[in-house]
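> Below are the structure tokens for one structure; questions will follow.
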Amino acid sequence: MAEAGIRKGAGQDELERLQLALDRQRRLAEEKERQLERYASDLRETFKAERARTDELHASYLATVRALTNAVEARDAYTGKHAERVAAYGLELTRRIDPELAENPQVEFGFLLHDVGKVAISDGILFKPEPLLPEERTLMRRHPMIGYEIVRDIPFLEDAAQIVRHHHERWDGAGYPDGLAGEQIPAAARIFSVADTLDAMTTDRPYSRRVSFARARSEIAAMAGSQFDPAVADELAHVPDSRLELIRAGTG
Ligand SMILES: [Fe+2]
């Protein structure tokens, strides 16, 4: 009996020891869990702060780009908010064609800045009502390259610089400054080219009345494969008039 009592006592001790070990494990696990919760909460805070910083940075980049764009557009009373509208048409098309590309903020920057090189073109050429003489045309055609040189060294505008440089290229290779053809032309520049023509056709200019979106769409479709990327012209055919009207009204 005494032996059994001792054995029972030993079993009890073992049980208590295990119980203590288990409690310790539980406390450790709980502490670990609290620690993980703290880490998660810290991470959430860091992420939120980082996100706010990125948004702030993007807003100040955009404000800088807009200021530069306005400086160019202020010279031309007729274009109004051409750059803003082109950027909006261009972004609408980009989101439909390549949503990932549309996520790159530099696409909008490039659309807005496309004609920044015109700061170097004299009023006499820029606003000449008559057709340009061959040498004036040569000077005018330098604006994409001048614009590219203005923005290419700005770290947040490297991709935008490609749009600025190639916004007058043509799908058939007959554009300028590099005579790139087809998919050699950066995708955003191919999209821009359609948006630019759409805006030019659907806005009143000193020497031309605007046409309807339907008419502009069909004229652009007729130049698919020559001036324009057929895929972009085709996508434009799917953007409803109501959407284009809204963009024109919102930025006009
Ligand atoms: Fe241009």
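The values are calculated or read from the model by the stated rules, or taken from the named source; none is laboratory data. Being a predicted model, the structure only gives us computed values, none of them experimental. Cβ atoms come from the backbone with ideal geometry, glycine included; neighbour counts cover every protein chain shown.
> Out of (1) at pLDDT 95 or above; (2) over 30 Å from Lys128 (Cα atoms), the odd one out for Ile154 is which?
The single condition Ile154 does not satisfy is (1).
> Also: Against the conditions (1) within 13 Å of the ligand (Cβ to nearest atom); (2) of a type in the set (Asp, Glu); (3) closer than 18 Å to Ala161 by Cβ, where does Glu73 fall short? Just the number, please.
(3)
> Here are Arg142, Arg137, Arg152: which of them is more than 16 Å from the ligand (Cβ to nearest atom), basic (Lys, Arg) and not assigned by TED's automatic domain parsing to the domain that holds Asp55?
One residue alone meets the criteria, Arg152.
> Checking Tyr89 against (1) among the hydroxyl-bearing types (Ser, Thr, Tyr); (2) free of Cβ contacts under 8 Å to residues at least 40 places away in the same chain; (3) within 29 Å of Arg243 (Cβ to Cβ), only one condition comes out false. Which one?
With respect to (1) among the hydroxyl-bearing types (Ser, Thr, Tyr); (2) free of Cβ contacts under 8 Å to residues at least 40 places away in the same chain; (3) within 29 Å of Arg243 (Cβ to Cβ), Tyr89 is out only on (2).
> Starting from region 111-129, take each residue that is more than 15 Å from the ligand (Cβ to nearest atom) and list its partners that are part of a helix (DSSP H, G or I), counting only C-beta distances under 9 angstrom and pairs at least six apart or across chains.
Qualifying pairs under 9 Å: Ser122/Leu139; Gly124/Glu136; Lys128/Glu136.
> In region 42-78, what residues are within 23 Å of Pro129 (Cα to Cα) and of a type in the set (A, V, I, L, M, F, W, C)?
Correct list: Ala71, Val72, Ala74, Ala77.
> Okay, next question. In region 28-75, how many are more than 25 Å from Phe109 (Cβ to Cβ) and among the basic types (Lys, Arg)?
5
> Additional query: Of (1) of a type outside the set (A, V, I, L, M, F, W, C); (2) part of a helix (DSSP H, G or I); (3) away from the ligand (no atom under 16 Å from the Cβ), Ser193 satisfies all except one. Which?
(3)
> Next question, about the same structure. Conditions: (1) closer than 22 Å to Ala233 by Cα; (2) away from the ligand (no atom under 11 Å from the Cβ); (3) among the charged types (D, E, K, R). Arg165 meets all but one. Number of the miss?
Condition (2) is where Arg165 drops out.
> Another question, if that's okay. Over 24 Å from Glu100 (Cα atoms), under 23 Å from the mean Cα position of the chain (by Cα) and exposed (fewer than 13 other Cβ atoms within 10 Å of the Cβ): does that describe Ser226?
So Ser226 does not fit the description; no.
> Just checking, how many residues over region 194-210 are surrounded by 15 or more Cβ atoms within 10 Å (Cβ to Cβ) and farther than 16 Å from Glu84 by Cα?
Taking region 194-210 first, the residues surrounded by 15 or more Cβ atoms within 10 Å (Cβ to Cβ) are 194-203, 210.
Now restrict to residues that are farther than 16 Å from Glu84 by Cα: 210.
Adding up the residues that qualify gives 1.
> Of all residues in region 174-229, which are touching a strand residue (DSSP E or B) at 6+ places or on another chain (Cβ under 7 Å) and in contact (Cβ under 8 Å) with a residue 40 or more places away in the chain?
Val194 - this is the single residue of region 174-229 that is touching a strand residue (DSSP E or B) at 6+ places or on another chain (Cβ under 7 Å) and in contact (Cβ under 8 Å) with a residue 40 or more places away in the chain.
> Let me ask something else. Helices (runs of 4 or more DSSP H) wholly in region 116-183 with at least 1 residues that are crowded, with 20+ Cβ neighbours inside 10 Å - which ones?
By residue number, 143-151, 158-166.
> What is the number of the single condition among (1) of a type in the set (Lys, Arg); (2) assigned by TED's automatic domain parsing to the domain that holds Pro206; (3) in a helix (DSSP H, G or I) that Arg66 does not meet?
The number of the failed condition is (2).
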